[in-house]
Amino acid sequence: MSKIIFFADATCDIPAKFIKENNIQIVGLRYSVGDIDGWFTSAENQKQLDEFYARMRKGDTASTSLVLYDDAYQVLEPFFKDGYDIVYFGLSSGLAKTYENAMLAGTDLAKKYGRRFYAPDTKGVSAMNFLTLQHAIKLASFDKIVKELPAFYEKIQAYFTVDDLKYLHKSGRLSGAAKFIGSLLSVKPIITTDKDGKLTTMTKKTGRLASMQFIANMVSKVDPDYPKVFIIHADCPNDAKTLKQKVLNMNLGVTTEILNMGFIIGTHTGPGTLGLGFKSK
């Protein structure tokens with residue numbers, strides 16, 4: 001049986017404990033905020049997260065880098081040399097060239113070393129990819145992962161709301177019209193991903209609580225055979241707890257876990273982003 005090792009880039013927001021327990025290899029990304037430049041790998045460093053989002057809230061400009069071809073090549077090559085087949089999870093191809101660069105590097109290396117490389121374009125972001133990664137680990141076999149995983153990740157859904165659309169607009173992820181809608185202080189957009197893995201505004205609600213309730217109601221679509229819901233937030237832990245309670249109040253028998261949104265995604269959505277992800281039926 002071939003040896004498999006799992007990679008994920010830092011946009012997948014995987015908890016540090018899970019990374020350690022499952023020997024997940026994380027491809028970090030560079031970031032800057034104000035006068036700070038750094039390297040981000042995990043959303044578990046609370047002090048680092050707090051400082052980053054505090055700077056964003058006071059108006060400091062934040063930016064992040066792509067995973068470049070050379071970056072991916074450098075981190076993947078030692079494992080191919082050691083005889084591993086690699087399964088790689090990264091940011092939706094609809095949002096950045098990170099996926100394309102990693103795919104090219106992995107494909108070239110697999111050919112060079114006579115190994116196998118699989119990088120599904122899940123069209124997902126953040127906890128959506130974490131859910132898919134968990135399922136891939138359970139499948140265990142490389143052939144089984146390639147064959148069965150698409151049917152799983154194609155049913156992953158995620159819904160988010162943001163405090164201020166200026167971050168999405170600045171990064172080019174939403175149109176000017178959407179920014180205008182969101183500029184009305186009481187109007188909160190509900191954002192999801194489309195079939196191409198791009199962010200899209202599906203509706204809007206008046207007020208934060210109304211937007212949170214709408215998101216919670218979407219959990220009625222959850223697959224009863226996979227009743228796991230990830231709640232994810234960017235520097236709004238109290239809102240995350242409120243959303244969790246709204247989900248539990250629906251009495252659907254789901255389990256919930258609250259995760260931090262790392263600032264690779266948070267840079268483009270802004271502090272106050274709140275959402276959830278699950279596998280639908």
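The values are calculated or read from the model by the stated rules, or taken from the named source; none is laboratory data. Given the structure is predicted, the values throughout are model-derived calculations rather than measurements. Positions of Cβ are backbone-derived with ideal geometry, glycine not excepted, and every protein chain shown enters the neighbour counts.
Yes/no matrix, rows are residues, columns are (1) free of Cβ contacts under 8 Å to residues at least 40 places away in the same chain; (2) of a type in the set (Phe, Trp, Tyr); (3) closer than 17 Å to ILE5 by Cα:
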| residue | (1), (2), (3) |
| --- | --- |
| PHE52 | no, yes, no |
| ARG55 | yes, no, no |
| THR107 | yes, no, yes |
| VAL125 | no, no, no |
Task: Long-range neighbours under 6 Å by Cβ, at least six apart or interchain, first residue part of a loop (DSSP other than H, G, I, E, B) within the stretch 202-217, second surrounded by fewer than 14 Cβ atoms within 10 Å (Cβ to Cβ) - done: GLY207/SER186
Open item on the list: Could you list, ordered by first residue, the pairs with Cβ atoms under 7 Å in which the first is in the stretch 5-28 and within 17 Å of SER65 (Cβ to Cβ) and the second is of a type in the set (D, E, K, R) and assigned to a strand (DSSP E or B), at least 6 apart or interchain?
Closed with: VAL27/ASP9
TODO: Test SER65 against the stated conditions and say whether it is modelled with pLDDT under 90, surrounded by fewer than 18 Cβ atoms within 10 Å (Cβ to Cβ) and touching a Leu at 6+ places or on another chain (Cβ under 9 Å).
DONE: yes
- [ ] Test GLY90 against the stated conditions and say whether it is of a type in the set (Gly, Ala, Ser) and surrounded by 18 or more Cβ atoms within 10 Å (Cβ to Cβ).
- [x] yes
Open item on the list: What are the pairs with Cβ atoms under 6 angstrom where one residue, in the stretch 261-281, is closer than 18 Å to LYS58 by Cβ and the other, located anywhere, is crowded, with 24+ Cβ neighbours inside 10 Å and small (Gly, Ala, Ser)? Sequence gap at least six, or different chains.
Closed with: GLY266/ALA234; PRO271/ALA234; THR273/ALA234
Task: Selected residue [at pLDDT 95 or above, of a type in the set (Lys, Arg) and crowded, with 17+ Cβ neighbours inside 10 Å] from LYS188, LYS244, LYS221, LYS205 - done: LYS244
Open item on the list: Condition (residue is under 22 Å from PHE80 (Cα atoms), surrounded by fewer than 22 Cβ atoms within 10 Å (Cβ to Cβ) and over 21 Å from the mean Cα position of the chain (by Cα)) applied to the stretch 119-135: is it met by at least one residue?
Closed with: no
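Going through PHE80, PHE40, PHE7 one at a time, which residue ends up being among the aromatic types (Phe, Trp, Tyr), at pLDDT below 90 and crowded, with 19+ Cβ neighbours inside 10 Å?
PHE40 is the lone residue from the list that is among the aromatic types (Phe, Trp, Tyr), at pLDDT below 90 and crowded, with 19+ Cβ neighbours inside 10 Å.
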Task: Lone unmet requirement of (1) hydrophobic (A, V, I, L, M, F, W, C); (2) assigned to a loop (DSSP other than H, G, I, E, B); (3) within 22 Å of ARG57 (Cα to Cα) for LEU252 - done: (3)
Open item on the list: Out of VAL75, VAL27, I need the residue that is in contact with an Asp or Glu (Cβ under 7 Å, 6 or more places away or on another chain) and among the β-branched types (Val, Ile, Thr). Which one?
Closed with: VAL27
Open item on the list: Quick check on the stretch 219-249: of everything there that is assigned to a helix (DSSP H, G or I) and closer than 21 Å to TYR153 by Cβ, which residue is farthest from the chain's Cα centre (by Cα)?
Closed with: SER220
